[in-house]
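If you scroll down you'll find the structure; I have some questions about it.
Since every read-out is calculated from the coordinates, none of them should be taken as a lab result. Since this is a predicted model, take the numbers as computed values, not measurements. Here the Cβ positions follow ideal geometry from the backbone for every residue, glycine too, while neighbour counts run over all protein chains shown.
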């Protein structure tokens, strides 16, 4: 098999044909070829213009365990949304494959990235010290926050010191973790998200569903509805170009008038004190280069030792996320512009604690590419909002329980543990194995439903006793009722709702063997 | 060489013909195959759900039944993956380690240990879509998964190509999970079923007449989905095909 | 205990057991062939950018139409006199009405079609994002083969702000439809013009 076999533009069948568009409305390059850089699709994937209400996310009730399965079921009950979502993200997976197969050293790069990260994480105190010293020497103000609340208070303090009331910001999952927007709204500070997907979600008062494409669960009709309601656009115009232009026009004044600009951080370079951001819109550059006050929020696990290591990570990040060799903008912020102030807030929020978890600390290697979400067959069919957490999909399953074990105790079970995520992870996090390990932790700590644990105990008891087991499965008509008990001993008989039941065979293998192969009851 | 045949619990209960085909196939190669009658299960239903303590007794019974063989062979990648990787609820004695290391899935046993060259008794003149069970594919290296930039290989297809008449068709999503996932199929039924529906639709669109796999758990789930959708696809385990099943 | 002290204390206490040496990163052979200019151009175009050859008499022949249609042209290069003097700009907001900004790149990268700027080339950093269109002069001799080579350059350790542009601003956040000019420039055109000999 060569890279040719995996080209995403091949004329293969799709699994969701209902979402293919008849006409192609994409951009053409200077050479006339269809473009698919940034997050552009390699083939038209357009939901039919039938109004279907957008399925909303998981029901969140305090710390009660998230019912991801229920939210996923509602997502699937909106078939146009579900099909477009699945097809769109699978397309990103295919683009990733084409990019990965275009680099002979791809697997070696992944191994290098993994090793650079584990080295840095196991010496994180030293690298953070180096980073802080370099940043301070560059004239940057460096702050430390133990948790999300402290991050928010620190940023508020910086804003108050400057009489700042409005911030424009680029995408940062860390700030989502900290509940930054909600906190600031309560303090009378206006935040404007500049990433198009984040802005859509902000205007819709909904969380982002995917870490790279925050509104990937919405159709253009949904976006048109949100913009008509909040920006005063034409409710009947669902053209993506019109909508994007409307957002550009209405956001520009905010950028020009903002008192402060804020970005997240993809990589923090210890040797130079640099914050690196990777965007396709250039909104981190706008946020960082227009207002006089500049703030960068940095998760402490984002450290890498040297600039030369970007030669590994930058080559992996965008190819893993979108299949493009690089993002449109790769920005390296080191020192404030003359007459301006630059602040960096280094945030722990559970990361140092996670470092001490023997089975789970390597999840800190994550560079937030989203490749695991794109490949996850469960995520694609559930939508990111079904997880009810800042981080969804495979990476979410293994880090969310560290933020709130009870609330996210259900998430590691929203997986078939197929292992595709582990194979696409650019830093080789063994995600599916950590999912398996979390299940063990949660079961031992009785964070799984009593009914489930009871069923497992009962199953374990039967399966440990040969005679009892044979009796349970021996009779043809009782086989389905009894084994696997866990499958059908369920008031709702969930297997049978969607699938035909397996036929009851005439006899079990045990019975056949006894009848046909055993002489005098022994073999 | 003494072979211990392990027939997984769900094969025992629902697909005994897979166990029979496995036994007969191994015997065709002149092997001394034993079936420990007191065997039950590998413990996967419990460990899959995180309930390792609840699996301990079952795991101990497995080791007791399968000590004393040169190889333990089972027609299931997921069960073999469980034994080799996760049979850890019991103390890891030498006996336990030996059993774990000696447990092989059927395809890998035929391909890597017996190094089967030909299957002259096998003929299956049909369009076949091969389904790669995820544990078999990514857990015990049945083939190169589509995500990895590594040289391509496939042990099951190498074997299938030795069966006269088999015509392989290509899926749009060659190794996307079918959604069975063990207890996932029961506790997250909507997503599980949708994954299954998409998988069988892919198989149908690829022109498959039969779907062949090395794991009947997946096949059971897919068959249930295909029948519910009214798709005329037929599902058969690779052991049966390699054993010369006329379909 | 301050937050900083608490964080460092936890990090030291939770240091994972085992050896995790920093690996040596080898220099991988470039993915591009010998014709760096052609490779650069092809990849830039795939990322939504445009390439223009300088004219015999007019460096900006390939973008003359664009320049002619512009009301405000901000030039950071001696090859062109614009309508706005970037060195006289006191606030970034003042470049908001720039139609076309003309800058010279420090270097280009063939592997990706990227060009590098620092604050020295941009003069006003924000002009590269507030302008509607960007025209970039790039000396073909300044094209590096790949990203690894780029990150060995001294600019990253010296510049206050260094940025790689690869085509125009883009997004596909709405149904995967590719949009150019999402927030920043709507087009980026590279003119392969050697640096003027001093």
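Quick one: if you take sqrt(5λ) for each eigenvalue of the C-alpha gyration tensor of the stretch A:109-235, what semi-axes come out, biggest first, whole angstrom?
Working: eigenvalues 216, 101, 26 Å².
Semi-axis lengths for the stretch A:109-235 are 33, 22, 11 Å.
Over all distinct Cα pairs, what is the inverse of the mean 1/r for the stretch A:323-434, reported as the Kirkwood hydrodynamic radius in Å? Don't skip to the answer; put the middle values down first.
Working: mean 1/r = 0.0632 Å⁻¹.
Result for the stretch A:323-434, one decimal place: 15.8 Å.
Is the stretch C:1-124 rounded, prolate or oblate when judged by the Cα gyration tensor, a ≥ b ≥ c being the square roots of its eigenvalues, rounded requiring a/c under 1.5 and prolate requiring a/b larger than b/c?
Taking the square roots of the gyration eigenvalues as a ≥ b ≥ c, the stretch C:1-124 is oblate.
Kindly state, to the nearest 0.05, the FRET efficiency for residue B:29 paired with residue C:37, given R0 = 45 Å and r defined as their beta-carbon distance.
It comes out at approximately 0.15.
Further, regarding this structure: If I take the Cα coordinates of the stretch B:127-242 and project them onto the principal axes, what are the three extents in Å, biggest first?
36, 29, 24
Need one word for the stretch C:30-191: rounded, prolate or oblate. Basis is the Cα gyration tensor (sqrt eigenvalues a ≥ b ≥ c); a/c below 1.5 gives rounded, then a/b vs b/c decides. Provide the component values of the computation, followed by the final result.
Details: a/c = 1.33, a/b = 1.28, b/c = 1.04.
Verdict is rounded for the stretch C:30-191.
Still on this structure, please answer the following. Using C-alpha positions alone, give me the convex hull volume of the stretch A:224-318 per residue in cubic angstrom.
Details: hull volume 12.0 nm³, N = 95.
With only Cα atoms used, the stretch A:224-318 gives 126 Å³ per residue.
What whole-number volume per residue, in cubic angstrom, does the convex hull of the C-alpha atoms of the protein assembly as shown give?
166 Å³
What 222 nm value per residue comes from the helices of chain B, counting each DSSP H run with n ≥ 4 as -39,500 (n - 2.57) and dividing by all residues, nearest 500 deg cm²/dmol?
About -11500 deg cm²/dmol.
Where a ≥ b ≥ c are the square roots of the eigenvalues of the C-alpha gyration tensor, would you call the stretch A:176-280 rounded, which needs a/c under 1.5, or, failing that, prolate if a/b is larger than b/c, or oblate?
The shape class here is prolate.
Roughly how crowded by other chains is peptide B:62-75, in terms of the mean Cβ count from those chains within 10 Å of each of its Cβ atoms?
Across B:62-75, the average partner-chain Cβ count within 10 Å equals 0.
Let me ask another. Compare the peptides A:386-392, A:134-140 by average per-residue count of other Cβ atoms within 10 angstrom and give them in order, highest first.
A:386-392, A:134-140
How far, in degrees from 0 to 90, does helix A:220-230 lean away from the longest principal axis of the Cα atoms of chain A, to the nearest 10?
50 degrees
Oh, and also: So for the protein assembly as shown: antiparallel DSSP bridges make up what percent, rounded to the nearest 5?
In the protein assembly as shown, DSSP labels about 30 percent of beta bridges as antiparallel.
Quickly rank A:413-419, C:76-82, A:360-366 as a protection proxy: mean count of other C-beta atoms within 10 Å, highest first.
Most protected by this proxy first, the peptides run A:413-419, A:360-366, C:76-82.
Where the centre of each part is set by its Cα atoms, how far does the stretch A:41-102 sit from the stretch A:222-258, in angstrom?
Distance between centres, Cα-based: 23 Å.
Sticking with this structure for a sec: Hey, any idea what Rg/Rh is for the stretch B:2-113, computing Rh the Kirkwood way over Cα pairs?
Details: Rg = 13.1 Å, Rh = 13.9 Å.
With Rg and the Kirkwood Rh in hand, the quotient comes to 0.94.
Pairing the Cα long axis of helix C:36-46 with the longest principal axis of chain C, what angle in degrees results, from 0 to 90 and rounded to the nearest 10?
Tilt of helix C:36-46: around 90 degrees.
Return the average number of partner chain Cβ atoms within 10 angstrom of each residue Cβ along peptide A:408-419.
6
May I ask for the angle, rounded to the nearest 10°, between helix A:79-101 and the longest principal axis of chain A, with both axes built from Cα atoms and the value confined to 0 to 90°?
Rounded to the nearest ten degrees, it is 80.
Suppose we keep just the alpha-carbon trace of chain B; what are its Rg and Dmax in angstrom?
Rg and Dmax of chain B, Cα atoms, are 17.4, 51 Å.
Taking each residue in A:333-346, count the Cβ atoms of any other chain within 10 Å of its Cβ, then average. What number comes out?
3
On alpha-carbon atoms, Rg over Rh for chain A using Kirkwood Rh?
Computed over Cα atoms, the ratio is 1.02.
Using only DSSP helix segments of four residues or longer, with each worth -39500 (n - 2.57), what per-residue ellipticity at 222 nm results for chain A after dividing by its residue count and rounding to 500?
Roughly -13500 deg cm²/dmol at 222 nm, from the helical runs in chain A.
Go ahead and estimate [θ] at 222 nm for chain C from helices alone: -39,500 (n - 2.57) per DSSP H run with n ≥ 4, summed, over the residue count, rounded to 500.
Computed mean residue ellipticity for chain C: -5000 deg cm²/dmol.
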